Amino acid sequence: MGDLLWRKSAMELAALIARRDVSSREVVAAHLERIAAVNPQINAMPVVLERSARADADAADRETKRGERRGPLHGVPLSIKTNIDLVGQPTTHAVPMFANAMPALDHPMVERMKAAGAIPIGRTNMPDMGLRLHTDSALYGLTRNPWNLARTVGGSSGGEAAALATGMSPIGLGNDIGGSLRNPAFCCGVASLKPSFGRIPHASSLEPASGPLVSQMMAVQGPMARTVADLRLALSILAGPHPRDPMSYPAPLSAPAPQTPVRVALVPHPPGGTTAPALRDAVKRAGAALAAAGYAVEEIAPPMVEDAVQTWGRWLSWEFGVLREQVTAVMSHDANAFFGAFMDLFGPSTYADSVMLMIKRHQIARAWSEFFADYPIIVGPTWCEPQFEHGYDVRNAGGAADVVNLMRFVTPMNLLGLPVVCVPTGVAAGLPTGVQVIGDRFREDLCLAAGSAIETALGRITPIDVVGA
């Protein structure tokens, strides 16, 4: 039975535990065995919480025997990115300087997942300070892609995606300021939800508890899983205001349905760069799946995509440029090489420039809002080029520009605070393909519905064994 349990989704495991077909201890043990078998090959989960996970599972089983159930994830394992506060474990941001940074409080996401019955089983890897598209940590080392050990898992929630893809965990938590939930989901063939800004609360009990404006207005927290249904469940648990986050909103999880058939803007080739044929084809397969499900699909791109990419990049460059000395002091050579090249790519900005960036951001937001009135859903590639080899992003002076090109349809959604569901669409040349399903603010319901239709038609591609192992 243990060989089968790690293959199941979080909701499937929760149902088995609720029916007493299996115990939480058996579920946790199966995932710990899977971690021991797989993690040495890919280094996705550098911290395994074996002792506490087994104890929590035993406690969950005692509650089950008494007829008690904490919530919809009672007894189900949960993995947590290492920049998210978990009491009893350091919030390391994957750098040695914070190796012993112990939080006083759980992150609101962790608090809510625990209250729903989930059991933390491990901490997943990320690049230094989350500031690279490739998961190679100064503290924990390199995470390898289980589909091809020579290729990147993306970043910054790369360890989380690789753990999910190989069955080490059924559901996990990450965050996203420039695709960090979506880049790894694409690279590893799993699903993720980047929520609307303010939908899921964020708070840290460690300083600096308040980040720069770019983080306050673009960074979001969210779930990763292997199924859209698990994302929907996680959203229902995680969403809603929290007193520690003054920017978290009490927005409803659903809204009136748009006129049917729902119109979808399909974007196989986003403006402003190159797109690999296999990834264009993946978008078209997703579009065909939606058309078969009753959506009205049309190939058309949203406005001002290139402006959005530039505005996002210049905003990050300006604010992190102010903090450059502090940031570079804690990161590795390669992480600093990419960070520096990214900063140079978008150039220094003055305060006056930043005022104009905010004006431009509003112009783009207005144009997209008008576009959503006609096309409530947008579907396009996550990356526009395949998963690159380890170190490609710092191999030469053009690496940062290549990275910005391949993720150019990712960053507009950070700039505008939009919800996105990522789903895999298949495999090409041995590597996963996938798409983003994008909606207007607080329309996660539309994204999840369309993502589910794509998943139903094209199927799930994980969990997998490590290829070549």
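The values are calculated or read from the model by the stated rules, or taken from the named source; none is laboratory data. Since we're looking at a predicted model, the values are computed, not measured. Methodologically, a virtual Cβ is constructed for each residue, glycine included, from the backbone with ideal geometry; neighbour enumeration extends over all protein chains shown. Just the protein is used for accessible areas: all its heavy atoms, side chains included, with ligands, DNA and RNA removed. Shrake-Rupley method; radii C 1.70, N 1.55, O 1.52, S 1.80 Å.
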> When the residues of segment 2-17 are filtered to those that are touching a Ser or Thr at 6+ places or on another chain (Cβ under 8 Å) and of a type outside the set (Gly, Ala, Ser), which remaining residue is nearest to residue 113 (Cα to Cα)?
Replying inline: 11
>> Looking at 69, 132, 112, 123, can you tell me which residue is open to solvent by 50 Å² or more (accessible area, probe 1.4 Å) and either within 20 Å of residue 173 (Cβ to Cβ) or part of a loop (DSSP other than H, G, I, E, B) (or both)?
In response: 69
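Any residue that is under 22 Å from residue 76 (Cβ atoms) and touching a residue at least 24 places away in the same chain (Cβ under 8 Å) - is there at least one of those in segment 147-154? Spell out how you get there, then give the answer.
We begin by selecting, within segment 147-154, every residue under 22 Å from residue 76 (Cβ atoms); these are none.
No, because not a single residue in segment 147-154 is under 22 Å from residue 76 (Cβ atoms) and touching a residue at least 24 places away in the same chain (Cβ under 8 Å).
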> In segment 34-63, what count of residues is obtained for those that are open to solvent by 20 Å² or more (accessible area, probe 1.4 Å) and either over 25 Å from the mean Cα position of the chain (by Cα) or β-branched (Val, Ile, Thr) (or both)?
Replying inline: 12
>> Scan segment 188-204 and tell me whether some residue there is farther than 17 Å from residue 224 by Cα and out of contact with any helix residue (DSSP H, G or I) (no Cβ under 8 Å at 6 or more places or on another chain).
In response: yes
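So, in segment 1-26, exactly how many residues are at pLDDT 95 or above and part of a loop (DSSP other than H, G, I, E, B)?
Filtering segment 1-26 down to residues at pLDDT 95 or above leaves 5-26.
Next cut, part of a loop (DSSP other than H, G, I, E, B) only: 6-9, 19-23.
Summing the residues that are at pLDDT 95 or above and part of a loop (DSSP other than H, G, I, E, B) in segment 1-26 gives 9.
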>> Name the single residue that is farthest from the chain's Cα centre (by Cα) among those in segment 432-461 being farther than 30 Å from residue 367 by Cα and open to solvent by 10 Å² or more (accessible area, probe 1.4 Å).
In response: 457
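So if I check each of 227, 274, which one is surrounded by fewer than 15 Cβ atoms within 10 Å (Cβ to Cβ) and modelled with pLDDT of 95 or more?
Numbers: 227 fails: surrounded by fewer than 15 Cβ atoms within 10 Å (Cβ to Cβ).
Only one candidate qualifies: 274.
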> Within segment 243-266, how many residues are over 21 Å from the mean Cα position of the chain (by Cα) and open to solvent by less than 20 Å² (accessible area, probe 1.4 Å)?
Replying inline: 3
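One line per residue, one yes/no per condition, for (1) open to solvent by less than 70 Å² (accessible area, probe 1.4 Å); (2) touching a Cys at 6+ places or on another chain (Cβ under 8 Å):
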| residue | (1), (2) |
| --- | --- |
| 302 | yes, no |
| 321 | yes, no |
| 336 | yes, no |
| 340 | yes, no |
| 368 | yes, no |
| 374 | no, no |
| 383 | yes, yes |
